[in-house]
Amino acid sequence: MGGSAMKTGRSTGAMGRSGTGRKAARGGQGTGAEAPGRERPTKGARTRQRIVGHATLLMYANGYARTSIEEVIRAAGITKGSFYFHFRSKEDLGYAVIENASAYILERLKEALKKPGLSSWERLEAMLREIQGIVEAADCTRGCILGNLALETSHDHPGFREAIAAAFRAWWDLIASHLEAMKEEGHLPPDFDCQAYAQFAVSALEGGIMMSKVARDPGPMRTAAKLVLDLLPREVEGRVPARKSRPQG
């Protein structure tokens with residue numbers, strides 16, 4: 001089934017490069033090599049991961065309503081009985097797709113923020129480039145899978161809306177955490193509202209991604225990413241962070 005998964009990743013362009021498609025088609029499991037000490041997934045777990053991965057690619061390319069269970073079954077190379085062993089319904093699968101896409105995107109952003117040898121500002125820039133890379137790898141034709149599903153399903157599937165809202169909150173919590181660290185290092189003013197700015201950043205980026213999808217042009221997304229950085233207030237270089245007061249013993 002590896003060839004089928006690779007073909008799916010290339011044909012949809014979902015999640016970017018073909019290697020990225022392979023990762024998504026495996027349910028975010030990367031190359032399949034297990035880390036030392038980690039138990040290898042069971043056959044049932046691998047089948048479930050494959051179903052979710054292919055469903056993620058199909059829904060990214062075609063949307064939720066236009067992706068049928070039969071298409072997912074064919075793409076994953078499984079039987080109908082196998083599908084219903086793992087998922088009660090298409091809606092049940094939809095929740096798994098949202099979780100899979102959210103975890104995949106969040107992991108890529110975390111990796112960008114942990115790149116060694118970079119300053120705090122450079123790691124933030126690396127995260128924004130990662131977002132741009134995901135969208136531009138699909139020629140700006142597909143947008144953000146979470147944003148797409150939110151627009152398509154939030155009215156008829158309130159549970160999806162809540163799950164996607166939680167995914168966006170996790171994204172801005174990650175950004176806010178990095179901004180808090182920058183503030184502690186003295187790169188941002190002491191009274192800077194990191195949570196509010198992180199929420200603004202996610203909103204601006206999602207808007208830029210949507211406009212790039214409509215225009216088939218990376219310009220709006222790149223402008224949004226640039227402004228997210230440019231609007232951050234920069235403290236004077238070399239300012240010493242305020243020391244934390246020691247707790248009274």
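Here are the numbers:
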item: Count of residues meeting criterion [over 16 Å from Ala150 (Cα atoms) and in a helix (DSSP H, G or I)] in segment 161-203; result: 21
item: Where Thr8 falls short, out of the listed (1) surrounded by fewer than 16 Cβ atoms within 10 Å (Cβ to Cβ); (2) at pLDDT below 95; result: (1)
item: Residue, farthest from the chain's Cα centre (by Cα), within segment 141-154, restricted to residues that are crowded, with 17+ Cβ neighbours inside 10 Å and assigned to a loop (DSSP other than H, G, I, E, B); result: Arg142
item: Residue check, Tyr64 among the aromatic types (Phe, Trp, Tyr), at pLDDT 95 or above and either in a loop (DSSP other than H, G, I, E, B) or assigned by TED's automatic domain parsing to the domain that holds Leu174 (or both); result: yes
item: All positions within segment 126-140 that are crowded, with 17+ Cβ neighbours inside 10 Å and in contact (Cβ under 8 Å) with a residue 40 or more places away in the chain; result: Met127, Leu128, Ile131, Gln132, Ile134, Val135, Ala137, Ala138, Cys140
item: Hey, Ala163 surrounded by fewer than 20 Cβ atoms within 10 Å (Cβ to Cβ), of a type in the set (Gly, Ala, Ser) and in contact with a helix residue (DSSP H, G or I) (Cβ under 8 Å, 6 or more places away or on another chain) or not; result: no
item: Gly117 being assigned to a helix (DSSP H, G or I) and of a type outside the set (D, E, K, R); result: no
item: Positions within segment 149-167 being under 11 Å from Ile98 (Cβ atoms) and not basic (Lys, Arg), in sequence order; result: Leu149, Ala150, Thr153, His157, Gly159, Phe160, Glu162, Ala163, Ile164, Ala165, Ala166, Ala167
item: Filter result for Val72 (in contact with a Ser or Thr (Cβ under 6 Å, 6 or more places away or on another chain), surrounded by 13 or more Cβ atoms within 10 Å (Cβ to Cβ), β-branched (Val, Ile, Thr) and modelled with pLDDT of 95 or more); result: no
item: Among residues of segment 105-119, those that are in contact with a helix residue (DSSP H, G or I) (Cβ under 6 Å, 6 or more places away or on another chain) and crowded, with 17+ Cβ neighbours inside 10 Å, counted; result: 4
item: Scope segment 189-232; condition among the aliphatic types (A, V, I, L, M), touching a residue at least 40 places away in the same chain (Cβ under 8 Å) and within 16 Å of Met127 (Cβ to Cβ); matching residues; result: Leu205, Ile209, Met221, Ala225, Val228, Leu229, Leu232
item: Breaking point among (1) among the charged types (D, E, K, R); (2) within 14 Å of the chain's Cα centre (by Cα); (3) modelled with pLDDT of 95 or more, for Glu162; result: (2)
item: Where Val214 falls short, out of the listed (1) farther than 25 Å from Thr153 by Cα; (2) part of a helix (DSSP H, G or I); (3) over 15 Å from the mean Cα position of the chain (by Cα); result: (1)
item: Residue within segment 187-196 that is within 30 Å of Leu93 (Cβ to Cβ), modelled with pLDDT of 95 or more and surrounded by 15 or more Cβ atoms within 10 Å (Cβ to Cβ) present; result: no
item: Val97 vs. criteria surrounded by 16 or more Cβ atoms within 10 Å (Cβ to Cβ) and in the same structural domain as Ile145 (by TED's automatic domain parsing); result: yes
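The values are calculated or read from the model by the stated rules, or taken from the named source; none is laboratory data. Keep in mind it's a predicted model, so treat the numbers as computed, not measured. With ideal geometry, Cβ positions are generated from the backbone for all residues, glycine too; neighbour counts draw on all protein chains shown.
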